[in-house]
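Data block below; observations after.
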Amino acid sequence: MAKQRKRKQEIAGLKKTASGIRGLDEVTLGGLPQGRPTLICGSAGCGKTLLSMEVLVRGAVEYNEPGVFMSFEESVKDITENVASLGFDLDELADQKKVLVDYVHIDRSEIEENGEYDLDGLFIRLD
């Protein structure tokens, strides 16, 4: 079975980065695509934020890979309190410069779909 999984990964030619989440790395044949963005989608309350935070925290703690999480809906305080239920101390990880959580407030009334999007401000903030 392990040979079959390895063969599938080789065929895809896609390098993977382990998430550190037992089971997820098995199902994804090695983890998340290395050096590529991963979109996690679903309805409200399905666990997108908790999954994302667990991947970031495990990456920082287990693989010494620091991470950044940008939220557009939940405050840093809310996220910190929520992931504490998983046993993660985001304040400590932030002090160690392993995980940075940032909140960008966007007023829904300011969002207007016109076909043109300028992400320069977001990229400057990420930098």
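Nothing in this text is a laboratory measurement; each read-out follows from the coordinates by a stated rule. Just so it is clear, the structure is predicted and the values come from calculations on it, not from any experiment. Neighbour counts run over all protein chains shown; Cβ positions are idealised from the backbone, glycine included.
Taking the beta-carbon count within 10 Å as an exposure proxy, list Arg22, Arg58 from fewest neighbours to most. Working shown, then result.
Numbers: Arg22 8, Arg58 19.
Going from least to most buried by this count: Arg22, Arg58.
Computed on alpha carbon atoms, what radius of gyration and Dmax characterise the range 39-108, expressed in Å?
Over the range 39-108's Cα set, Rg and Dmax evaluate to 11.8, 37 Å.
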